[in-house]
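Asker: Please find one structure pasted underneath; my questions will follow.
The values are calculated or read from the model by the stated rules, or taken from the named source; none is laboratory data. Computed from a predicted structure; not experimentally measured. Here the Cβ positions follow ideal geometry from the backbone for every residue, glycine too, while neighbour counts run over all protein chains shown.
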Amino acid sequence: MNIHEYQAKQVLKGYGAPVAEGVAITSADEAEAAAKRLPGPLYVVKSQIHAGGRGKGKFKELGPEAKGGVRLARSIDEVVANVKEMLGNTLVTAQTGDAGKQVNRLYIEDGADIDRELYLSLLVDRSVGQIAFVASTEGGMDIETVAHDTPEKILTLPIDPLAGVTAEAAGKLCDALKLDGAAREDGLKLFPILYKAFTETDMSLLEINPLIVMTDGRLRVLDAKVSFDGNAMFRHDDIKALRDETEEDAKEIEASKWDLAYVALDGNIGCMVNGAGLAMATMDIIKLYGKEPANFCDVGGGASKEKVAAAFKIITADPAVQGILVNIFGGIMRCDVIAEGVVAAVKEVGLKVPLVVRLEGTNVDKGKAILNQSGLAITAADDLDDAAKKIVAAIG
């Protein structure tokens with residue numbers, strides 16, 4: 001689960017991290033009052049969307065010469081003008097794709113006098129089975145670019161979960177970020193705070209880019225990107241309440257209600273599969289034959305007829321889908337249950353695109369009989385290769 005920058009800063013501030021004062025708004029009428037609550041005279045107006053690269057992004061409606069999604073303002077009037085120009089328009093960044101995202105809320109924040117920009121993040125390092133800090137002096141840049149061009153400027157530091165952030169570990173991070181004086185003092189306090197926030201709220205990613213050293217020598221969290229482990233949100237009603245469904249794909253929201261593993265993609269062949277590995281193989285073979293999957297959809301091993309029908313409806317609701325491939329290997333999942341779900345869904349929502357179904361495993365003959373006797377225009381396939389060839393040929 002992702003949250004907005006201003007929400008991430010509220011969470012971190014609650015643990016004692018140094019963040020600037022700021023006010024989130026959803027209406028241009030709130031801009032002047034929000035800015036007056038801040039010290040000034042420098043303000044930052046930030047688009048709040050679930051995507052990175054906001055500063056380099058461009059608003060569709062404003063043309064290529066317009067400013068990006070993060071803007072400096074040196075007066076309250078300038079804040080108001082920027083808010084009116086940004087709010088409600090579509091911001092396109094490297095992470096949104098060409099469609100962009102509509103900016104429905106802004107964060108007006110007190111400005112900072114920056115001396116240096118640093119990079120700091122925490123993530124789950126699966127290679128060692130521990131949470132790790134990633135630190136670099138090259139803040140404000142894409143960390144992927146730094147890793148490619150100057151990997152020696154990145155420190156990855158796993159943290160022993162029993163020891164936590166020791167003085168030695170905090171010192172290594174300070175050294176990697178070249179912190180001294182007041183900034184080093186702040187760093188020694190900040191790193192344990194971030195680790196505590198990460199572990200106690202079940203974060204999966206905490207990225208601060210940049211973490212800044214200000215001209216007065218103090219550290220400040222200037223930007224914050226936070227993702228949480230969705231499987232742990234039953235423990236955190238306060239965190240779950242921060243979810244902004246307007247930033248999520250409506251199909252993914254509906255899928256979550258049925259406990260379906262669904263991710264929308266950019267292709268045109270809808271996929272319904274049981275098992276994540278089989279789903280990946282199905283998407284790969286679609287690409288092998290020259291087309292692109294429209295989604296990842298894993299109905300799981302114990303899906304009911306109703307759950308299968310719900311998955312089918314979600315897939316057909318995508319206007320980009322020109323064909324559907326159902327690929328089921330029945331182990332725990334029975335093929336007849338899948339067939340009943342598909343037939344029920346097709347009868348309810350109709351079938352406007354080609355549908356290819358490959359069934360194998362438990363009760364496969366019953367499943368095929370249900371499909372064959374349905375009277376629906378369903379194409380059967382013998383194996384995955386056959387299924388992929390048939391659906392690709394069907395959509396042309």
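Asker: Out of the stretch 360-394, which residues are in contact (Cβ under 8 Å) with a residue 40 or more places away in the chain and among the acidic types (Asp, Glu)?
Answerer: Listed by number, the list holds a single entry, ASP385.
Asker: Test each condition in (1) closer than 24 Å to ASN104 by Cβ; (2) of a type outside the set (Ser, Thr, Tyr); (3) not in a helix (DSSP H, G or I) for MET233 and report the one that comes out false.
Answerer: The single condition MET233 does not satisfy is (3).
Asker: Still on this structure, please answer the following. Among the numbered criteria (1) under 16 Å from the mean Cα position of the chain (by Cα); (2) assigned by TED's automatic domain parsing to the domain that holds GLU292; (3) in a strand (DSSP E or B), which single criterion is violated by ASP266?
Answerer: If we test ASP266 against (1) under 16 Å from the mean Cα position of the chain (by Cα); (2) assigned by TED's automatic domain parsing to the domain that holds GLU292; (3) in a strand (DSSP E or B), just (3) comes out false.
Asker: Further question on the same structure: Return the pair list, or none, for Cβ contacts closer than 7 Å from residues in the stretch 125-144 that are under 11 Å from ALA176 (Cβ atoms) and touching a residue at least 24 places away in the same chain (Cβ under 8 Å) to residues that are in a loop (DSSP other than H, G, I, E, B) and not aliphatic (A, V, I, L, M), at least 6 apart or on different chains.
Answerer: Close Cβ pairs (under 7 Å, with a partner that is in a loop (DSSP other than H, G, I, E, B) and not aliphatic (A, V, I, L, M)) amount to THR137/LYS178.
Asker: If we keep just the residues of the stretch 210-246 that are more than 20 Å from the chain's Cα centre (by Cα) and of a type in the set (Lys, Arg), which is nearest to VAL134 (Cα to Cα)?
Answerer: Looking at the filtered set, the residue picked out is ARG220.
Asker: Sticking with this structure for a sec: Among the residues of the stretch 22-43, write down those that are within 26 Å of the chain's Cα centre (by Cα) and farther than 19 Å from GLU85 by Cα.
Answerer: Listed by number, the list holds a single entry, GLY22.
Asker: Another question, if that's okay. Go through LYS347, LYS307 for me and flag whichever is basic (Lys, Arg) and touching a Phe, Trp or Tyr at 6+ places or on another chain (Cβ under 6 Å).
Answerer: None of the other options fit; the residue is LYS307.
Asker: Here's something else I'd like to know. Scan the stretch 55-71 residue by residue and report those that are in contact with a strand residue (DSSP E or B) (Cβ under 6 Å, 6 or more places away or on another chain) and modelled with pLDDT of 90 or more.
Answerer: Scanning the stretch 55-71 gives GLY57, LYS58, PHE59, GLY69, VAL70, ARG71.
Asker: Find the residue count for the stretch 28-65, including only residues that are over 20 Å from LEU242 (Cβ atoms) and either surrounded by 17 or more Cβ atoms within 10 Å (Cβ to Cβ) or touching a residue at least 24 places away in the same chain (Cβ under 8 Å) (or both).
Answerer: Total satisfying the criteria: 21.
Asker: When the residues of the stretch 141-192 are filtered to those that are surrounded by fewer than 16 Cβ atoms within 10 Å (Cβ to Cβ) and among the small types (Gly, Ala, Ser), which remaining residue is nearest to VAL221 (Cα to Cα)?
Answerer: Within the stretch 141-192, the match that is nearest to VAL221 (Cα to Cα) is ALA182.
Asker: Of everything in the stretch 339-364, what is among the charged types (D, E, K, R) and in contact with a strand residue (DSSP E or B) (Cβ under 8 Å, 6 or more places away or on another chain)? Give them in sequence order.
Answerer: ARG358, GLU360
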